[in-house]
1. Note down the relative contact order for segment 31-161 as a percent, whole number, built from C-alpha pairs under 8 angstrom at least six residues apart.
2. Per the Kirkwood formula on distinct C-alpha pairs, the Rh of segment 31-161 is how many angstrom?
3. Whole-Hz Karplus ³J(HN,Hα) for segment 129-139, in order, using 6.51 cos²θ - 1.76 cosθ + 1.60 and θ = phi - 60°, x for Gly and Pro?
4. Of the listed peptides 116-122, 128-134, 55-61, what is their order by residue-averaged count of other C-beta atoms within 10 Å, with the highest listed first?
5. Want the number for I164 to N146: 0.36 nm per residue separation, take away the alpha-carbon distance, what's left?
Amino acid sequence: MSRLFVFSLLLFLLASAACAPQQRYDITLVASGDLPTTTFTDPVLIRGEASYNLLCAHCHGYQGEGQLEATIANTRSLGMNLVPPANASGHMWEHPDQLLIRVVQEGIQNPLDQFPMAAFGDGVAEDEIRAILAYIKRWWTDDQRNHQATLTRDWTERMAGLGIVAPTTEVTENPGD
Ligand code: HEC
């Protein structure tokens, strides 16, 4: 086979690959305000899942796994902090609810973060943050959940002692589901 023939054949194959019809995706439009499909039945978890996926997942990962793998080397090469995981491999469970809620409201302002933790301010209501936390807690182990619940109870009592009574969110569905 002459080289010219092989070269022409390659060129032909490349050209036909480039002209192949593009893969098309069907997109179903939903009315704004509609919640995406969910496997949950508990209204708190349904809301928490939707809000987490909308507001947090692009940084903390759709399974709470933390910063997107492909971007980690770049962030490290700049000496910047990574987005921490929200799941059992991170340490969100070491903070009581009261502190986690403040982190979401006030953010973590650190000029060395490539993706700084946003301050959501009045953009998310407190009961929405509680729903997001209920959704995140499903990724933790029983021990982590129990430890964090104890911390939260202690702080609720300490704050009640100061006359500050914060609302709580009850989740009826098994948190491990
Ligand atoms: C733009 C990216 C980004 C978005 C969006 C974001 N975060 Fe973060 N988050 C970060 C980064 C970066 C940190 C670590 C900051 C640091 O430690 O300096 C962080 C830290 C946190 C922490 C403290 C973590 C720990 O282990 O101590 C919590 C809690 C948190 N985020 C919750 C949330 C929740 C809930 C949402 C959605 C409502 C959210 N974040 C949205 C980037 C983001």
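1. Here the relative contact order equals 27 percent.
2. Answer for segment 31-161: a Kirkwood hydrodynamic radius of 15.8 Å.
3. Per-residue couplings from phi come out as 4, 4, 5, 4, 5, 4, 5, 4, 4, 5, 7 Hz.
4. 128-134, 55-61, 116-122
5. 4.2 nm
Every number in this text was worked out from the coordinates using simple rules, so none of it is lab data. Quick caveat: nothing in here was measured; it's all calculated off a predicted structure. With ideal geometry, Cβ positions are generated from the backbone for all residues, glycine too; neighbour counts draw on all protein chains shown.
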